[in-house]
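Contents: one structure, followed by commentary.
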Amino acid sequence: MTKLGLGTIGTSMITEQFVEAAKESGLYTYRAVYSRHMNTANTFKDQYGAESAYDDFEAFLNDEAIDVIYVASPNSLHFSQAKEALMHGKHAIVEKPMITSLEQWAELTELAKSKGVVVVEAARHIFEPNFVKLTKMIQDFEGIYGATLTYAKYSSRFDNVLAGEEPPIFSPKFGGGAANDLGIYTVYAALSWFGKPDSVHAFSQKIQTGVDGKGTVILRYPDFDVTLQYGKMITALAASEVYSLDKTLVLDAITGVEKAELVDARTRESQEISMDESADNPLIWEAKAFAKVMTHPEKDENKAKLDEWLTLSYNVHEVLEEIRQQS
């Protein structure tokens, strides 16, 4: 497989992880890093072995060695930067949330199609082997009676909020908030496992910056409900659970699942589910999946896979849009 020339926007920990995953996959060559500050770009270039560093965005976009751009800037910049990447004929891997409105989603996907390139949302957990394994298991359950999916982890940036500051991850100007950060993982899980809900009922707890610090969402399906609980101002220790006719699936996490068990609904006897060994870098699976599709987007199997990802992404953002409106 031909290696893809990789360019990255952003120099945060998630960018570091993706660059390392891309290298580990053997499917990318790290061509360039962009940052608003040249010192930062050069430091990142030297640390992770990029060939070039830029603080000029247009020059970065015009680098002919770059085939795909990984966008990991603050949420509010994802759309505009991904759009520029697509307009310059580059594939775009956009950190979640890819967009902050459905109009933006349509514009990006239609632009990518017209340019003959690929745009994808980096919701990394849906590519993890254990998540895929559990998805198949849940789809084979005899009757679904509901689920409770939880992902809440205290952010050190909330200390800044309490001190009267407005860090980007908690700023409305930058598309911050719990739903756009950890909440999207629970929405992706719910829609991967149960499909699109009939209705959405959201309850958000706002913080002083004006965004949601935590939230509870009830997704209503014809025969059951799914409750989502997420937050960045609290830490939740409760397991996530899926309820079927005769058993309960108990998960230690929504992302990076390492332990799962089936509990008999009547006897409460527990059976541990064999899980695949987790990767040192959780982004390796999405890096491989994206490279396969972007290297040969013309193949029918890759077209079908991309369509599957984009359909799920659209449905997820429909739910997120409803959550935002109700908030």
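The values are calculated or read from the model by the stated rules, or taken from the named source; none is laboratory data. This one's a predicted model, so the numbers in the text were calculated from it and none came from an experiment. So basically every Cβ, Gly included, is an ideal-geometry build from the backbone, and we count neighbours across all protein chains shown. The area values use the complete protein model at the heavy-atom level, side chains included, leaving out ligands, DNA and RNA. Shrake-Rupley method; radii C 1.70, N 1.55, O 1.52, S 1.80 Å.
Placing pseudo-labels 7 Å out from each Cα toward the beta carbon at GLU258 and ASP56 gives an inter-label distance of 4.7 nm. Considering only beta bridges that DSSP places wholly inside the chain, some 55 percent are antiparallel. The separation of segment 23-56 from segment 123-166, counted between C-alpha centres, amounts to 30 Å.
Would you mind classifying segment 218-259 by shape? Square roots of the alpha carbon gyration tensor eigenvalues, ordered a ≥ b ≥ c; an a/c under 1.5 is rounded, otherwise it is prolate if a/b is larger than b/c and oblate if not. Oblate is the answer for segment 218-259, as a/c is 1.5 or above yet b/c matches or exceeds a/b. Looking at segment 176-268, the trypsin sites (Lys or Arg not before Pro) that sit in a DSSP loop and have at most 11 other Cβ atoms within 10 Å of their own Cβ are ARG266, ARG268. Across segment 1-96, Cα pairs under 8 Å and at least six residues apart give a relative contact order of 29 percent.
Going down the table (LYS173/LYS232; LYS83/LYS303; LYS115/LYS303), which pairs top 19 Å between alpha carbons? Going by Cα-Cα distance, LYS83/LYS303 fall outside the 19 Å limit. Each peptide among 277-290, 90-103 gets the average number of other Cβ atoms lying within 10 Å of its residues, and from highest to lowest they stand as 90-103, 277-290. Accessible surface of the chain, 1.4 Å probe: 46 percent of it comes from carbon and sulfur atoms. Remark: for residue pairs LYS3/LYS133; LYS196/LYS299; LYS3/LYS292; LYS133/LYS259; LYS133/LYS288, the C-alpha separation exceeds 20 Å in LYS3/LYS133; LYS196/LYS299. Under the simplified labelling scheme, the ASP159-LEU102 pair shows an inter-label distance of 4.1 nm, with each label point 7 Å from Cα along Cα→Cβ. For segment 243-327, a/c is not less than 1.5, where a ≥ b ≥ c are the root eigenvalues of the C-alpha gyration tensor, and a/b does not top b/c. That puts it in the oblate class.
Could you check which residue among GLU51, GLU261, GLU298 shows the biggest mean-square fluctuation in a GNM of the chain with a 10 Å Cα cutoff? Sorting by GNM fluctuation, first place goes to GLU298. Looking at the chain, the accessible area is 46 square angstrom per residue; that uses a 1.4 Å probe and ignores ligands, DNA and RNA. Taken as Cα centroids, segment 256-327 and segment 175-243 sit 16 Å apart, rounded to the nearest whole angstrom. For segment 14-98, the gyration tensor built on C-alpha atoms gives a rounded shape. Its axis ratio a/c (a ≥ b ≥ c) stays under 1.5.
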